[in-house]
1. In a strand (DSSP E or B), over 24 Å from Glu207 (Cβ atoms), within 19 Å of the chain's Cα centre (by Cα) and modelled with pLDDT of 95 or more: which single residue out of Thr271, Thr297 fits that description?
2. Within the group Val135, Val153, Val122, which residue is in contact (Cβ under 8 Å) with a residue 24 or more places away in the chain and part of a loop (DSSP other than H, G, I, E, B)?
3. Does Ala19 count as more than 19 Å from His277 (Cβ to Cβ), part of a helix (DSSP H, G or I) and hydrophobic (A, V, I, L, M, F, W, C)?
4. I want to confirm something. Restricting to the stretch 157-179 and keeping residues that are assigned to a helix (DSSP H, G or I) and touching a strand residue (DSSP E or B) at 6+ places or on another chain (Cβ under 6 Å), which single residue is surrounded by the fewest Cβ atoms within 10 Å (Cβ to Cβ)?
5. Are there any pairs with C-beta distances below 8 angstrom linking a residue in the stretch 224-241 that is assigned by TED's automatic domain parsing to the domain that holds Arg204 and at positive phi to a residue that is assigned to a helix (DSSP H, G or I) and surrounded by 14 or more Cβ atoms within 10 Å (Cβ to Cβ), with the two at least 6 apart or on different chains, and if so which?
6. For the stretch 180-217, enumerate the residues that are surrounded by 22 or more Cβ atoms within 10 Å (Cβ to Cβ) and among the aromatic types (Phe, Trp, Tyr).
7. Taking the stretch 219-249 only, how many residues are within 16 Å of Phe173 (Cα to Cα) and part of a strand (DSSP E or B)?
Amino acid sequence: MKVSYKGGALVAYKDTLMAFDAAEDLSGKALRCITHAHADHIMRVNESNPLMTVETFELLRAIRGLERRANVVELGAVVKVGPARIRTMNAGHILGSCQYAVECDEGTLLFSGDINVHDTLVTRAAEPIHADFMVVEATYGEPSFIFPDREVVYSKIVKWICDCIKDGSLPAFKAYLVGKSQELIKLVNEYLGIPVVVSGAVARVCEVYKKFGLGLSYFCMGSADADELLRSGECVYVGNRRVDVPTSRTVKWAIATGWALKYRFELYDATFPLSSHADFKGLIEHVEACMPRVVYTMHGYSMQLARILERRGFVAAALESAGTLAPLTRGEM
């Protein structure tokens, strides 16, 4: 088995090629494996019959109008690809996000995609498995990125919302269209019971979440009920873009992102370090739980994370700098 970086991970085993997320395949022969529905992972989704979970397919239909055929599978399914097998596993990132375990006679390679190793209000934690080789994301793969306990962040968001309403302001959140928006809506539903108004794009995504069993309560902006709530100010607004909210009240804007640990968002009234990714500690824990012989890090702080994993006893390298087609064998130590 061989793995190389071509804008993403390209895995070759005998005559079989597998391209993960945005990996470029100049031969046009690879099976495209999509881990989840975020924009930076679906740039090549229109290739012939990509592999993805049913939830990812439904999300792509909702946000991109995807009508192409796809190899749609349930989480936990095993797909035979030439002499290899690909197993899908929960990644804990957003609805339908998956890790891919490539299994062959030479061992198992786990491609993590984006992962979250803790339960949230809308996702279950990523599943670790024993793997001989691993390609792991490094978005927050630097020691300064240690997120507060999620319940602590939730409580601070709730307090800020209550403070806004108490002083006569309307609390509004700009959040990622898929994943973070739904988590914020669920948080308000469960902790406060205050009505939530959402943008049309967020509402379309929420309908997919509801289809797969997540209870969400909200009103879509532009409806009569939403207009009345915004006029009254007794609600929370959640949208994927910062827009003029039709209300006479002062609108206070917040953003929830893991980058709040490092960057200042001066145009916002409040920032909260709420992420759908594993933090540095979570990434280390996930790799150690999977016990791979060889680890390739990718994206974000990939070089820093690889050096730290080496110091912890792993054979590790940043995939972006590992060279063309780095070979993997069971005996590699």
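1. Thr297
2. Of Val135, Val153, Val122, the one residue that is in contact (Cβ under 8 Å) with a residue 24 or more places away in the chain and part of a loop (DSSP other than H, G, I, E, B) is Val122.
3. It is false that Ala19 is more than 19 Å from His277 (Cβ to Cβ), part of a helix (DSSP H, G or I) and hydrophobic (A, V, I, L, M, F, W, C).
4. Here the residue is Trp160.
5. What qualifies is Gly233/Ile165.
6. Across the stretch 180-217, the qualifying residue is only Tyr209.
7. Matching residues across the stretch 219-249 total 7.
One line per residue, one yes/no per condition, for (1) in contact with a Pro (Cβ under 8 Å, 6 or more places away or on another chain); (2) more than 30 Å from Val315 (Cα to Cα); (3) among the hydrophobic types (A, V, I, L, M, F, W, C):
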site: Ala70; (1), (2), (3): yes, yes, yes
site: Leu75; (1), (2), (3): no, no, yes
site: Glu103; (1), (2), (3): no, no, no
site: Glu106; (1), (2), (3): no, no, no
site: Leu110; (1), (2), (3): yes, no, yes
site: Thr120; (1), (2), (3): no, yes, no
site: Glu127; (1), (2), (3): no, no, no
site: Ala131; (1), (2), (3): yes, no, yes
site: Phe147; (1), (2), (3): yes, no, yes
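The values are calculated or read from the model by the stated rules, or taken from the named source; none is laboratory data. For clarity, every value in this text was computed on a predicted model and none was experimentally measured. Note that each Cβ is placed from the backbone with ideal geometry, even for glycine, and that neighbours are counted across all protein chains shown.
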